[in-house]
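Participant: Could you have a look at this structure, given as structure tokens, before my questions?
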Amino acid sequence: MNGLEDGIIVTKLNVALMSPKYNFSNSKFRKLLDSINYKFIFGAYRPQQPKVSVIIITYNHSKYITSCLEGILNQITNFTVECLIGDDFSNDETSSIISNFEEQNKNLIFHIRRNTNLGQLTGNGRLNFLHSLSLASGKFIAICDGDDFWTDPYKLQKQVDYLEANSNYS
């Protein structure tokens, strides 16, 4: 494996949350998004235009989220990275674990806390993912589910190097 198969990294896409397919314009989800204070989520620590935004979607992953976040923190890169964690109103210890990591890594980890479970609206994590993705500011997007983890500390560096050298793949 060359590091490209064991994860997904794609160029950033503009995500349209107002898709006619889902008609979010009059939904509880739209009201929830309108009520979010983005300055509170990112505070003064968000890096300017990171090269990579890592998106983690999680719900009740308290057994796995530490390994997931450690794998991201262990990445060795020559570029800036931000990690956006969309916690879909977990009712186990997931949120407190993420908060501890966020407190120790304010310039890297951003905990997107939900006050309702978006998965209940659609039966899956699609809304949590799309909203988290819409907050990403990196040139590239890497995805790691909350119950997965990365073992190669050069994973992101290898992927970005490859995509920059081969623009027809990104």
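Participant: Of the heavy-atom accessible surface of segment 86-170 (probe 1.4 angstrom), what whole percent is carbon and sulfur? Intermediate values should be presented prior to the final figure.
Facilitator: Working: 1850 of 4060 Å².
Reported share for carbon and sulfur atoms: 46 percent.
Participant: At a probe size of 1.4 Å, how large is the accessible area of residue 113, to the nearest 10 Å²?
Facilitator: 110 Å²
Participant: Over all alpha-carbon pairs in segment 53-122, figure out the percentage whose distance exceeds 16 Å.
Facilitator: Values: 1064 of 2415 pairs.
I get 44 percent for the Cα pairs in segment 53-122 exceeding 16 Å.
Participant: Another question about this same structure. Heavy atoms only, probe 1.4 angstrom, no DNA, RNA or ligands counted: give me 155, 139, 106 ranked by accessible area, highest first. Intermediate results must be reported in sequence, preceding the final value.
Facilitator: Values: 155 5, 139 105, 106 70 Å².
Order by accessible area, largest first: 139, 106, 155.
Participant: Straight-line reach from residue 51: which aspartates and glutamates have a Cα under 12 Å away, not including same-chain ones fewer than 8 places off?
Facilitator: 82, 161, 164
Participant: OK, next. Under 12 Å Cα-Cα from residue 63, which aspartates and glutamates qualify once same-chain neighbours fewer than 8 residues away are excluded?
Facilitator: Those aspartates and glutamates meeting the cut-off are 92, 93, 147, 148.
The values are calculated or read from the model by the stated rules, or taken from the named source; none is laboratory data. Treat the numbers as computed from the prediction; the structure is a model and nothing was measured. Remember, those area values only see protein heavy atoms, side chains included, never the ligands or the DNA or RNA. Shrake-Rupley method; radii C 1.70, N 1.55, O 1.52, S 1.80 Å.
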